[in-house]
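The values are calculated or read from the model by the stated rules, or taken from the named source; none is laboratory data. If you're wondering where the values come from, they're calculated on a predicted model, not measured in any experiment. Here the Cβ positions follow ideal geometry from the backbone for every residue, glycine too, while neighbour counts run over all protein chains shown. Protein only, heavy atoms only, side chains kept; ligands, DNA and RNA dropped before computing areas. Shrake-Rupley method; radii C 1.70, N 1.55, O 1.52, S 1.80 Å.
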Amino acid sequence: MRSQAMFFKARAGDKLADRQLQANLGKAKSRFVEGRAQAVADYDAAPGADFEALRDAASAIRDRVLANLDVWLETFEDKARARGAEVLYARDGAEICRLVVDIARRHGVTKAAKSKSMLSEEAGLNEALAAAGIEPVETDLGEYILQINDNEPPSHIIAPVFHKSKEEVAELFARTHHTPKKDDIAGMAREAREVLREHFMSAEMGISGANFLIAETGSAALVTNEGNGRMVTTLPKVHVVVTGIEKLVPTLEDFSTLMRLLPRSATGQRISNYVSVLTGVKGEGDLDGPEHLYVILVDNGRASLVGTEFEPMLRCIRCGACMNHCPVYQSVGGHAYGWVYPGPMGSVLTPLYTGIGNALDLPHASTLCNQCGVVCPVKIPLPDLLRKLREKQVELKLRPWRERFALRLWGWVASRPALYGFAARTAVRYLSRLAGGADRIRALRAAPEWTAGRDLAAPEGRTFRELYAERVRHEGRTKR
Amino acid sequence: MTEEKMRVGLFVTCLVDLMRPRIGFAALRLLEAAGCEVVVPSTQTCCGQPAFNSGDTRVARALALKLIAEFDGLDYVVVPSGSCGGMIRAHYPQLFDDDPAAAARARALAARTFELTDFLVSVLGVGGVPGDFEGTVTYHDSCSGLRELGVKAQPRALLAHMPGVELKEMAASEECCGFGGLFSVKFGDISTRVVDRKCDNIRATGADAVVLGDLGCMLNIEGRLRRRGDERTRVLHVAEVLAGED
């Protein structure tokens with residue numbers, strides 16, 4: 001997927017003006033936010049259970065993996081190979097596409113059924129498959145909806161059609177499937193299932209992501225709410241897992257710890273409808289399972305974060321809680337962010353994976369309110385990372401000169417109390433004159449975006465320093 | 001035996017200095033009423049937060065060092081702002097990763113710096129307050145005060161001491177108002193959308209005033225309420241309510 005992150009501001013403006021989207025975002029938000037809050041409260045209500053302690057344990061697991069990522073990768077590789085899987089590495093998106101197309105050609109694949117994989121979005125895998133004459137079919141209900149809507153990108157990492165209303169989907173289905181318009185979700189799901197069933201039966205290859213890779217068993221774990229994940233990973237004779245190198249966890253025990261957090265943080269569920277732990281190829285006497293299993297472990301920028309100040313970002317387990325709780329995401333939705341990952345985690349990942357200079361707005365598109373950090377199941381300090389990216393921009397002189405100059409000037413003035421006092425007095429006089437006797441200023445040339453949406457309260461007329469100095473003088477006189 | 005008075009430095013903050021001096025005086029009155037000797041260093045300016053949040057650590061460090069020196073030797077430093085208090089408490093120490101001496105001084109200052117209501121309740125155990133506000137209020141929890149300093153119960157406890165005040169909680173009081181410092185200047189339209197949700201929640205309580213502990217939120221919420229045509233709901237800093245008229 002080509003990044004459009006540099007156009008965040010313009011795209012955000014469009015999204016704010018989209019009334020339908022705004023209505024949809026409002027509804028979806030409350031569902032996820034309240035759902036998580038309830039799930040956390042329920043968890044904490046059990047004797048001896050402590051969600052905070054669980055978050056600590058989970059981030060420790062993730063850190064343990066990242067500290068020795070090479071070792072855990074090797075362990076995984078050995079175990080997975082022993083169970084008949086082929087483990088491949090991909091440096092970037094282009095390499096993912098090449099590997100998957102090669103595998104497809106080797107097995108004479110003409111159609112690939114896909115279960116959601118954000119990495120295939122990073123790589124633009126669908127286009128590459130199509131270009132190679134292989135039909136990719138998205139089988140996640142959300143992803144399927146987007147695919148038939150002219151390959152629209154997902155706007156959320158776990159709820160790809162977060163931004164759409166039921167009515168919009170009903171119309172899309174009626175138009176695409178040439179069926180009468182339905183008004184119930186169950187009916188629409190049934191309709192999609194009927195269409196997709198054909199594809200499950202005829203696809204020679206299944207492509208999935210993995211929520212976790214378990215080193216001690218060489219397994220890929222898949223967490224879903226739809227049965228399609230199991231169809232894609234077991235029906236076709238070839239199964240390809242595409243996932244990031246950072247998705248490793250050492251043991252099944254660790255996996256179960258993370259599983260207490262992931263569904264609760266993501267959808268407010270205690271457990272998702274399906275949790276599949278897939279190990280190796282179909283064994284002798286097994287009724288189902290793929291005959292060929294490929295696990296493609298992808299770097300695409302991840303390895304370069306290991307050992308840096310941004311390493312905590314690699315703890316991410318892709319639950320989406322940060323975006324669900326982000327006031328900015330809630331206002332503009334996922335598409336405004338312009339790449340695969342939206343919200344606070346996307347504002348960190350996009351510049352890191354696609355280039356700091358290509359996503360200058362994203363680290364600033366946050367009020368640093370830290371709602372994201374508070375809900376992150378693995379305690380990623382998202383506001384700190386956003387701020388570090390802002391520092392990088394300043395170091396690399398990527399900020400507009402006006403902004404750099406204004407900050408330096410402010411620092412210079414604020415370091416000199418007498419000068420600061422003078423500047424403050426002048427500013428207050430100026431603002432008072434602008435207010436012209438009223439209690440507010442309606443338009444301010446120095447901050448046009450501020451007064452486009454709100455008034456600026458007029459200052460009281462004199463600064464605290466002036467008034468306090470006067471008081472001190474006055475008290476000195478009366479005391480004498 | 002005369003008891004030694006606690007020497008408390010008041011960090012006024014630049015927004016209070018510029019926009020609402022009366023909040024600084026209200027804080028001063030509250031501290032004096034609680035029996036503190038209040039010191040207001042005359043050279044204080046800005047804590048460096050705008051530079052820090054913009055990624056300009058050089059400027060942030062210079063201003064931090066200046067403030068650390070100004071408030072040296074005092075028993076406590078009190079700030080009528082969650083975000084400036086959070087800057088000193090949560091962020092000053094990490095500004096000096098490569099300068100152990102400065103880091104130690106920053107940590108020492110951080111350890112004795114408090115947001116105003118937190119100081120009154122947690123350190124002084126204040127019971128009564130001088131204010132005499134009459135009416136229903138709703139409290140907006142500013143992000144830094146809440147999540148960096150744990151300020152939530154303290155202002156409510158102080159308001160509960162005021163017989164004329166009835167507190168009506170708004171929905172999502174912990175949600176950001178969309179100010180975010182320069183965020184509201186860089187992304188005015190997103191900020192407006194966020195503050196609209198806050199204004200809706202405030203209005204739904206029917207309160208006479210929204211009370212809060214941060215100048216940024218105050219200017220943002222007041223500015224949006226007025227632009228939306230709400231001339232009735234007052235927007236007050238908690239210090240003003242607690243201290244009453246001079």
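Restricting segment B:1-66 to GluC sites (Glu not before Pro) that sit in a DSSP loop and have at most 13 other Cβ atoms within 10 Å of their own Cβ leaves B:E3, B:E4. Proximity of backbone amide H atoms, modeled 1.01 Å from N, is registered between A:L278 and A:A220, A:A221, A:L222 at under 5 Å, excluding neighbours fewer than 5 places apart on the same chain. Couplings 3J(HN,Hα) for segment A:7-19, derived from phi with the Karplus relation 6.51 cos²θ - 1.76 cosθ + 1.60 (θ = phi - 60°), are 9, 3, 4, 5, 5, 4, x, 4, 5, 5, 7, 8, 4 Hz, where x marks Gly and Pro. Extension gain for A:S304 to A:A132 (0.36 nm times residue separation, less C-alpha to C-alpha distance): 58.9 nm. A cysteine counts as unpartnered when no other cysteine's C-beta lies under 4.7 Å of its own; in chain A this applies to A:C97, A:C316, A:C319, A:C326, A:C376. Restricting the calculation to Cα atoms, every distinct pair contributes to the Kirkwood radius of chain A, found to be 24.9 Å.
Working from Cα pairs under 8 Å separated by at least six residues, relative contact order for segment A:134-265 is 20 percent. Over the residues of the protein assembly as shown, the helix contribution to mean residue ellipticity at 222 nm works out to -15000 deg cm²/dmol, using -39500 (n - 2.57) for each DSSP H run of at least 4. Measuring only protein heavy atoms, the 1.4 Å probe finds A:R462 accessible over about 90 Å². Interface residues of segment B:9-38, defined as a loss of at least 50 Å² in heavy-atom accessible area between the chain alone and the complex of all protein chains with a 1.4 Å probe, are B:D17, B:L18, B:M19, B:P21, B:F25. Working ranking of peptides B:150-156, A:43-49 by packing, defined as the average number of other Cβ atoms within 10 Å per residue, highest first, is B:150-156, A:43-49.
Of all lysines in the structure, the ones whose alpha carbon falls short of 22 Å from that of A:K164, not counting any fewer than 8 places away in one chain, are A:K9, A:K15, A:K27, A:K29, A:K114, A:K116, A:K181, A:K182. Three semi-axes describe the equivalent ellipsoid of segment B:119-238; taken as square roots of 5 times the Cα gyration tensor eigenvalues and ordered largest first, they are 25, 17, 11 Å. In loop segments of segment B:103-162 as defined by DSSP, the GluC sites (Glu not before Pro) with at most 16 further C-beta atoms inside 10 Å of their C-beta are B:E134. Within the shell defined by Cβ-Cβ distances under 13 Å, the residues around A:A443 carry a net charge of +3, with Lys and Arg each +1 and Asp and Glu each -1.
Sum up the charges of everything whose Cβ sits under 14 Å from the Cβ of A:K27, counting Lys and Arg as +1 and Asp and Glu as -1, but leave A:K27 out. Result for the local shell: +3.
Over 28 Å apart: what share of the alpha carbon pairs of segment A:197-342 falls there, rounded to a whole percent? Of all Cα-Cα distances in segment A:197-342, 26 percent exceed 28 Å. Going by a ≥ b ≥ c, the root eigenvalues of the Cα gyration tensor, does chain B fall in the rounded group (a/c under 1.5), the prolate group (a/b larger than b/c) or the oblate group? It comes out oblate by the Cα gyration axes. Scanning residues 5 or more positions from A:V298 or on other chains, those with amide H under 5 Å from its amide H are A:A90, A:T243, A:G244, A:I245, with H placed 1.01 Å from N in the peptide plane. Taking Cα centre as origin and charging only the Cβ of basic (Lys, Arg, +1) and acidic (Asp, Glu, -1) residues, the dipole magnitude of segment A:144-262 rounds to 200 debye.
A simple spin-label model places pseudo-atoms 7 Å from Cα toward Cβ; at A:R91 and A:A452 they are separated by 4.3 nm.
Classify segment A:1-115: rounded, prolate or oblate, from the alpha-carbon gyration tensor (a ≥ b ≥ c, eigenvalue square roots; a/c under 1.5 rounded; otherwise prolate if a/b is larger than b/c)? Note, shape of segment A:1-115 comes out oblate.
Report the accessible surface area buried between chains A and B, summing both sides, using a 1.4 Å probe on protein heavy atoms only, in Å² rounded to the nearest 100.
Chain pair A/B: roughly 5500 Å² of buried accessible area.
In order along segment A:362-376, the phi-based Karplus estimate (6.51 cos²θ - 1.76 cosθ + 1.60, θ = phi - 60°) of 3J(HN,Hα) comes to 4, x, 9, 7, 8, 8, 6, 6, 6, 5, 5, x, 5, 9, 4 Hz; Gly and Pro are listed as x.
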